[in-house]
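The values are calculated or read from the model by the stated rules, or taken from the named source; none is laboratory data. Just so we're clear, the structure is a prediction, and the values are computed from it rather than from any experiment. When we count neighbours, we look across all protein chains shown, and the Cβ atoms used for this are built from the backbone with ideal geometry, even at glycine.
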Amino acid sequence: MTQQIAATDEITLAHDQATFTIAYTALNFIASPKNQFAYKMLGLDKDWNYVKDVRSVTYTNLSPGDYIFMVKAANNDGVWNETGKGIKISILPPFWQRWWFKVIIVSLALGIASFYLLLYRNLEIRKLKSLQQEEIHDVQSQYFTNISHEFRAPLTLIMGALENIRNNQHLEKSHRLMERNAERLSGLINEVMDFQKIESGLRTLQVSLSNMNVLLSDIAEDFAELALQRNMKLQLELPQIQKIAYCDRKVIEKIMLNLLDNAFKFSPDQSTVRFSLLSSLKYHQTGLDHLLQINQALPNVHYCHILVADQGIGIHKEASKGLFERFYRISNEHMGSGIGLAFVKSLVSHHRGYINVYSRKDVGTEIIVSIPYRRSEYRSDEISYQDNPGLKGMKGSLPQSRKTRALMLTNLKSICLMLRGYS
């Protein structure tokens, strides 16, 4: 304090000074022992405390806040001075109860929470980016493995043709073979250049109206020479009524070429390969075991079904689980890169279809690919009208794709044809 307490109207105490004693007296010196006192602490006491001639009061651990200590006295005749005397007492809170300290604590808490939230988000973003990088790497690896698989056959054929030219044999046929496979390699290179389109999956579907009878007939025709070479029967079964469907012809061609190539590859000479267009699976009958189904048929979606069946070495039920997985080989009898069926699975899924596999060891295998065929089952950006506006010229609508498809035949067929032509 800067002055005597008798002249002070207000005092301020720290939080650790909350226990104190106040002494008081009266300026009546006639029979002063008979003076009486009363006090109360506004903010703490509701009523006056009459303490007779007691001249002090002690308060212990008062809570921070503002108080007014009031005291009044009576003389020896019992006459009270109702005006009394008062002093304001302010007890300051500790620093941890001050508003600025609370603001600091809340700010620190928010800052720490924000830091950990930001750290957590950064970790999650890193994990997500890592997963995305892995997915992109997987897609890239899958795509380039497919492309590498496709590159092997034309390179082998071109090398064989060059050998024949060097030996001055079958020059015209060698030139044709080299030209056809050079065009095939060019097409594969174009696919590599368009790789950005499939970093997040396969390319966008290019769905258009197609005559499925014509499309499957043209695909089957590509295998006629191979069937003749091996004395095999390629049995094409199509409905009498032309089946008109919305589909991506290039995707259908790649699927069927892989399946037919496998059917011929794993079938003995003089056996039969069936290639059928089914309107429904309801009446499909087979003596083989249903091994697995890839994807599920969606409700209220209409499908056309394409069957490829062989009389080959068949598949054990235990070995069928990984049939459509990359690099999976059922046994040493099933030679190949282990890519074709995985590629088929990707293409069918991309076309929103599903696959059923029936097989029995040493009896044969049937694979049915089911593809949605109505326009309403595809997005507007997937519909293409450039090839078949209004189905005009349907029978002649496939010559260019036939040329491309002929270049897409895999190792076994093309190499056998080359051997047949040069024998």
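Figures for the structure shown
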read-out	value
Counted residues, region 356-385 - those being charged (D, E, K, R), within 28 Å of the chain's Cα centre (by Cα) and not in a loop (DSSP other than H, G, I, E, B)	4
Selection status of Glu237, surrounded by fewer than 18 Cβ atoms within 10 Å (Cβ to Cβ), closer than 17 Å to Ala263 by Cβ and modelled with pLDDT under 90	no
Those residues of region 278-320 which are β-branched (Val, Ile, Thr) and within 23 Å of Tyr246 (Cα to Cα), in sequence order	Ile294, Val301, Ile306, Val308
Selected residue (only one of Ala309, Ala319 is small (Gly, Ala, Ser), assigned by TED's automatic domain parsing to the domain that holds Val369 and crowded, with 18+ Cβ neighbours inside 10 Å)	Ala309
Gly43 being among the small types (Gly, Ala, Ser) and modelled with pLDDT under 90	yes
Matching residues, region 265-275, being farther than 14 Å from Val363 by Cβ and at pLDDT below 90	Lys265
Qualifying positions in region 220-249 - closer than 30 Å to Ile383 by Cα and either not in a strand (DSSP E or B) or not assigned by TED's automatic domain parsing to the domain that holds Glu382 (or both)	Ala220, Glu221, Asp222, Phe223, Leu238, Pro239, Gln240, Ile241, Gln242, Lys243, Asp248, Arg249
Residue that is surrounded by the most Cβ atoms within 10 Å (Cβ to Cβ), among those in region 46-75 that are free of Cβ contacts under 8 Å to residues at least 40 places away in the same chain and closer than 22 Å to Pro93 by Cα	Tyr67
Subset of region 76-95 [surrounded by fewer than 11 Cβ atoms within 10 Å (Cβ to Cβ) and touching a helix residue (DSSP H, G or I) at 6+ places or on another chain (Cβ under 8 Å)]	Phe95
Some residue of region 65-79 being part of a strand (DSSP E or B), of a type in the set (Phe, Trp, Tyr) and under 30 Å from Ala18 (Cα atoms)	yes
